[in-house]
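The structure appears below as structure tokens.
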Amino acid sequence: MFCESKSVKQSLNEADPLIFKLKIAFKKYDRLYYILAKIAGALFVGSKTGVEACADLPKTAFIVNLGSGPKSLGAHIINVDAYPYANVAVCADATHLPFRDGSVDAIICECMLEHVTQPEQVIKEIARVITPGGLVYTSVPFMDPYHASPDDYTRWTMSGVRTLFNDFEQQELAVGWGPTSSLIAVLSHWLGLMLSFGNAGLQQALALFFMVCLSPFKILDFALKYPKMAPNIATGFYFIGLRK
């Protein structure tokens, strides 16, 4: 499974219990889940989504959405996940994908790599199954608080992303979620921590409350993603590369 070392149930009692339980509950209703995620979560301000990055590929292209969750990106894109959510076509371990060498034209892997224990092995597996010249689109966090799904292990700087994908020729690497989303997320969790008097459930409830209240300010990131130093405090990045 993507998070091989722990089951979903094991993670429920750890550092992110309330928010993780809400994720599991709302993922049964995929449209509602992603609406709420846009309100409470970081605002994507990148110039391309995974679907847009694949827009110029032929209609016959074999495209995989790795770590998809319940969200469908289109009838022509195959959802692969460790868990049998709605819209998942293939349940598989991301470190052992059930595809032949060089058989996939493009892989979209959004907000998944931080949730696996062996991200380097996942990238090697992506490189194995993708055809030479094939496209990979991924997004990863940097200045983003802990968020279990079902656990959370790793963060990357922009330089770290380049190193991680050294088997791919970089086409784009840019801020996907900006500094304001970072500030709001950390501030919301800090306020929850200060006002919860040590109660973990209350802390997370307050953090969600403040994230929703402060959400309108995230629109500032459409401008703040451009300054040269923005990547130093960005919430996360997206990367587009071609298999060498």
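The values are calculated or read from the model by the stated rules, or taken from the named source; none is laboratory data. What you are looking at is a predicted structure, and each value in this text was computed from that prediction instead of being measured. Methodologically, a virtual Cβ is constructed for each residue, glycine included, from the backbone with ideal geometry; neighbour enumeration extends over all protein chains shown.
See the values below:
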quantity	calculated
Qualifying residue in segment 86-102 (condition: modelled with pLDDT of 95 or more, within 23 Å of V175 (Cβ to Cβ), of a type in the set (V, I, T) and assigned to a loop (DSSP other than H, G, I, E, B))	no
Condition met for V140 (touching a helix residue (DSSP H, G or I) at 6+ places or on another chain (Cβ under 9 Å), closer than 18 Å to I108 by Cα and of a type outside the set (G, A, S))	yes
S68, sole failed condition from (1) within 27 Å of K244 (Cβ to Cβ); (2) among the small types (G, A, S); (3) in contact with a helix residue (DSSP H, G or I) (Cβ under 8 Å, 6 or more places away or on another chain)	(3)
Qualifying residue in segment 192-212 (condition: outside any helix (DSSP H, G or I) and closer than 12 Å to L43 by Cα)	no
Meets criteria (in a loop (DSSP other than H, G, I, E, B), of a type outside the set (G, A, S), over 30 Å from S181 (Cβ atoms) and touching a helix residue (DSSP H, G or I) at 6+ places or on another chain (Cβ under 9 Å)) for H147	no
Test: residue in segment 129-147 that is in contact (Cβ under 8 Å) with a residue 60 or more places away in the chain, buried (at least 21 other Cβ atoms within 10 Å of the Cβ) and among the small types (G, A, S)	yes
Check on F222, closer than 19 Å to T49 by Cβ and part of a helix (DSSP H, G or I)	yes
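For (1) within 26 Å of L214 (Cβ to Cβ); (2) touching a residue at least 12 places away in the same chain (Cβ under 8 Å); (3) not charged (D, E, K, R), each residue gets a yes or a no:
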| residue | (1), (2), (3) |
| --- | --- |
| S72 | no, yes, yes |
| A75 | no, no, yes |
| C91 | no, no, yes |
| T95 | no, yes, yes |
| G102 | no, yes, yes |
| E110 | yes, yes, no |
| T117 | no, yes, yes |
